[in-house]
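The structure under discussion appears below in the form of C-alpha cells.
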C-alpha cells in the first residue's frame with residue numbers, strides 16, 4: 001500500500017518534469033531566423049510574348065501575373081545595418097510568374113530558402129497594366145481571404161511597372177516600408193489621397209462605387225507619389241489617373257485633408273503668397289427636385305500665411321489679409337473646377353463621395369439612381385463656394 | 001441536493017454568470033449576420049431591440065422560476081405538466097444545453113485553429129478545453145461563479161480598450177443615414193439580433209441557487225444590459241470601420257476590425273490576440289455553464305449523483321462538436337440551435353407560466 005503511494009507520488013513528480021519539456025515549445029512554432037518576412041508585394045501583368053512561350057497560343061485569354069515579393073530576412077537586415085563597404089541591399093526581391101496569385105506565391109518556395117511569412121506585409125503595389133486589364137476584386141481575392149495577410153495593409157497603384165517601385169538604390173532602405181512612410185505624409189499635404197487599407201477596400205469594391213487609390217511612380221530608382229488612380233466601380237478596373245493638382249482639388253472637395261498648402265499669387269504684385277491649411281471642412285449638400293439632382297459644395301478653411309513674397313505689404317493690415325484670402329480662394333476654386341471637369345466629363349465617375357452624401361440625405365432617391373450612378377453623376381450640376389479665413393501670419397508681421 | 005449553503009450564489013455572481021453566458025461565439029459574427037438581414041446601417045437599432053426582447057423573455061423565465069422557490073426547472077417542470085411531459089421537456093432542454101456547449105467548443109476550435117494555432121489538429125484544441133471545463137464544473141456552481149467573477153472584469157477592460165483603439169479607422173458616414181429606408185429593413189434583423197442574446201434561459205436553473213431569489217428580475221435586467229452595450233458597441237464600431245458592404249463579405253468581421261489597424265508606439269502594435277484571449281475565456285464560460293446545466297439536468301431528472309453524468313457528457317459533447325463537416329455546417333448548427341431556443345425559451349416558459357398560474361388559482365379556490 002505504502003509502496004504504491006510512493007509510486008503515485010513518483011509518477012506525479014515525473015509528470016511535472018515531463019510537462020516542463022514541451023512548455024518552451026509550441027506546436028507550430030517558427031524560428032525567426034528561418035523566416036523570410038514579406039515586407040511588400042508588387043503585382044504586374046506579364047507583357048505578351050514573354051519568356052514562357054509554352055502554351056501561350058492555346059491560352060490567349062489567360063493573363064499571366066508577375067508577382068514580386070520583397071523579403072526581409074535575418075541576413076538582409078544584417079547587410080542593411082552594417083552599411084560599410086558592402087553594396088548589398090537590405091532586402092531581397094523575388095519574382096515569379098503564374099496565372100493565379102497563390103500558385104505563383106507557392107512557386108516562390110522553389111527559389112527561396114526561407115519560409116515566406118506575410119504577417120508583417122505592409123503594402124501591395126499593383127501595376128498600371130494589371131489594374132487596367134483585370135478586375136481588382138479578382139486580383140486581390142487571395143489577399144482578402146488569406147488570414148496571414150493583415151487587412152491593415154495599404155494598396156497603391158504604380159504608374160508603369162509595380163516591381164520597380166520595390167527597388168531602391170540606397171543601401172539601407174527597404175522600399176516597401178519607405179512607401180508606407182510616405183503614405184503617412186497625407187497629414188501634411190493635400191497631394192496624397194487618404195490611405196486605403198485592404199479592410200476598407202473590400203467595402204468599396206463590394207459597394208460598386210468608384211474610388212481613388214494612391215498612385216506611385218518610380219523615377220531613377222526613387223519612389224514618388226504622383227496623384228491618384230481612378231478605379232471605376234462597375235468594372236473595378238483602373239480608368240485613368242489624376243495628377244497632383246487634380247488630387248488637390250479633390251481633397252478640397254471631400255474636405256478630408258488634414259493640412260497642406262495653397263500656392264496663390266498676389267493680384268497686384270504677382271508674387272506668391274502661401275496659405276497653409278490649419279483646418280479644412282467641406283460640406284457636400286445634395287438637392288433633389290423631382291428627377292433632377294444637383295449638388296452644392298461648401299468649402300471652409302482656416303489657415304495662416306506661411307510664406308509671403310510680397311515685400312511691400314504689411315500683414316498687419318487687414319486689407320492685405322483680405323486680398324490674400326481672396327487670392328487663395330480663387331486658387332482653390334480653380335483647383336475644384338479643374339478636377340470636377342475631369343471626373344465629370346473625361347472619366348465620368350464619382351470618386352469624391354457625392355453619391356455617398358446622396359445616400360445619406362436622400363436614401364430613397366439613392367436606391368433608384370445607384371445602379372447607374374456614375375452615368376447620372378457625369379451630368380449633375382455642381383456648384384461650389386470656397387471660404388478661406390486667415391487666422392494669423394506666423395511670427396513675421398511685415 | 002442544492003440546499004446546502006455552499007451551493008448558494010449572490011445576486012452579483014448571478015449577473016456575472018448571465019453576462020458570461022450571453023457573450024460568446026455571437027460577438028465575432030453578429031455584425032455580419034445582422035447586416036446580411038438588414039442591409040442598412042441601422043443594425044445597431046435591431047441589436048438594441050433584440051436585447052429588449054431577450055429581457056422580456058428573461059423576465060418571464062424568472063417569473064416562472066420564482067413560482068417554485070428553491071427548485072430548478074427540471075424539478076418543477078414535472079409538477080406543472082406531469083411526470084412524462086415534464087420529463088420529456090427537461091430532456092429536450094438538457095439536449096439543448098449540451099448541444100450548445102458542443103457548438104461553442106467547436107467554434108472556439110475553428111477560430112483558434114485558423115488565427116492562432118495553425119496546424120494544430122482540432123482534437124488537440126478541443127480536448128484540453130473539455131478537460132479544464134470538466135475540472136471546473138466538478139466543483140459545482142460556486143467554483144463556476146467565482147471563476148466567472150475573475151473572467152468578467154478582464155473581459156470588460158480589454159474589450160473596451162481594444163474597441164476604442166479602432167476609433168482611428170471609424171467613419172461616421174458608414175453609419176448614416178439612420179432609418180433612411182424606413183423601419184422595415186431594421187425589423188428584419190431583430191430575430192438574428194435576439195439570437196445573439198441566448199443565455200437568459202440559464203435563469204431556469206439559476207434562480208434556485210440565488211441567495212435572494214426575489215432579486216432575480218433585477219439580475220436578468222442587469223445581466224442582459226451589459227452584453228447589450230457590448231453588442232451595440234461592437235456593431236457600431238465594425239460597421240463604422242468596414243462599412244455595410246464590407247462587413248457582409250467577412251467571415252469574422254469583429255476580428256477583422258481588430259486586424260485592420262496597428263498602433264505604433266505602444267507596447268503592442270496589434271490587438272487581435274488580446275481580443276481572441278478574452279473571447280476564448282468567454283467561450284470557455286459559456287461552455288462550462290451549459291455543460292453544467294446539462295449535467296445537473298440529467299442528475300435531477302434521474303435523481304442520482306451529478307458526477308457520473310459529468311463524466312458521461314464529455315464524449316457526447318466531443319462527438320457533437322466534431323460533427324459539423326465544415327464551417328458552413330457549423331454556422332447552420334448555430335442557426336438551428338437559435339431556432340430551437342426561440343421556441344424552448346420564448347414560447348414554452350410563457351405556456352408553463354400560464355398553466356402554473358391557472359393551477360395555482362384552482363388550488364386556491366379548492367382550499368377556500
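The values are calculated or read from the model by the stated rules, or taken from the named source; none is laboratory data. Everything quoted here is computed from the prediction, not taken from an experiment. Glycine also receives a Cβ, built like all others from the backbone with ideal geometry; neighbour counts cover every protein chain displayed.
Scanning the stretch A:134-149 for residues that are within 15 Å of the chain's Cα centre (by Cα) and either within 13 Å of chain B (Cβ to nearest Cβ) or free of Cβ contacts under 8 Å to residues at least 24 places away in the same chain (or both) turns up just one, A:140. If you filter the stretch A:360-383 down to residues that are crowded, with 17+ Cβ neighbours inside 10 Å and assigned to a loop (DSSP other than H, G, I, E, B), you find that the one that is nearest to the other protein chains (Cβ to nearest Cβ) is A:362. Of the numbered criteria (1) farther than 29 Å from residue A:361 by Cβ; (2) surrounded by fewer than 17 Cβ atoms within 10 Å (Cβ to Cβ); (3) modelled with pLDDT under 85, the one residue A:315 fails is (2).
For the stretch B:192-304, the helices (runs of 4 or more DSSP H) that sit wholly inside it and include 3 or more residues that are away from chain A (no Cβ under 14 Å) and either touching a residue at least 60 places away in the same chain (Cβ under 8 Å) or surrounded by fewer than 23 Cβ atoms within 10 Å (Cβ to Cβ) (or both) are B:203-209, B:216-247, B:272-302.
Considering each residue of the stretch A:308-329 in turn, at least one proves to be farther than 21 Å from residue A:242 by Cβ and assigned to a strand (DSSP E or B). Candidates in the stretch A:177-222 are the residues that are part of a strand (DSSP E or B) and modelled with pLDDT under 85; of these, the one that is farthest from residue A:132 (Cα to Cα) is A:222.
Scanning the stretch A:345-359 for residues that are surrounded by fewer than 18 Cβ atoms within 10 Å (Cβ to Cβ) and part of a helix (DSSP H, G or I) yields A:345, A:346. Which condition from (1) within 16 Å of residue B:275 (Cα to Cα); (2) under 19 Å from the mean Cα position of the chain (by Cα); (3) surrounded by 14 or more Cβ atoms within 10 Å (Cβ to Cβ); (4) away from chain A (no Cβ under 14 Å) is the one that residue B:147 breaks? Evaluating residue B:147 over (1) within 16 Å of residue B:275 (Cα to Cα); (2) under 19 Å from the mean Cα position of the chain (by Cα); (3) surrounded by 14 or more Cβ atoms within 10 Å (Cβ to Cβ); (4) away from chain A (no Cβ under 14 Å) leaves (1) as the failure.
Rundown of residues vs (1) modelled with pLDDT of 85 or more; (2) touching a strand residue (DSSP E or B) at 6+ places or on another chain (Cβ under 6 Å); (3) closer than 16 Å to residue A:390 by Cβ; (4) surrounded by 20 or more Cβ atoms within 10 Å (Cβ to Cβ), yes/no style:
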{"residue": "A:246", "(1), (2), (3), (4)": "yes, no, no, yes"}
{"residue": "A:260", "(1), (2), (3), (4)": "no, yes, yes, yes"}
{"residue": "A:285", "(1), (2), (3), (4)": "yes, yes, no, no"}
{"residue": "A:292", "(1), (2), (3), (4)": "yes, no, no, no"}
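For the stretch A:206-245, the set of residues classified as within 14 Å of chain B (Cβ to nearest Cβ) and under 15 Å from residue A:374 (Cβ atoms) consists of A:207, A:208, A:209, A:210, A:211, A:233, A:236, listed by residue number.
Looking across the stretch B:150-170, the residues that are within 13 Å of chain A (Cβ to nearest Cβ) and crowded, with 16+ Cβ neighbours inside 10 Å come down to B:165, B:166, B:169, B:170. Residue selection: residue B:134 satisfies the criterion of being surrounded by 14 or more Cβ atoms within 10 Å (Cβ to Cβ) and at pLDDT 85 or above. Within the stretch A:245-297, the set of residues being assigned to a strand (DSSP E or B) and free of Cβ contacts under 8 Å to residues at least 12 places away in the same chain comprises A:287, A:289, A:292.
Condition check: within 14 Å of another protein chain (Cβ to nearest Cβ), assigned to a helix (DSSP H, G or I) and either touching a helix residue (DSSP H, G or I) at 6+ places or on another chain (Cβ under 6 Å) or under 30 Å from residue B:9 (Cβ atoms) (or both). Does residue B:185 satisfy that? So residue B:185 passes the test. All told, residue B:110 meets the bar of being touching a helix residue (DSSP H, G or I) at 6+ places or on another chain (Cβ under 9 Å), within 28 Å of residue A:118 (Cβ to Cβ) and in contact (Cβ under 8 Å) with a residue 12 or more places away in the chain.
Answer with yes or no whether residue B:117 is outside any helix (DSSP H, G or I), at pLDDT below 90 and within 12 Å of chain A (Cβ to nearest Cβ). When the stated conditions are applied, residue B:117 passes them.
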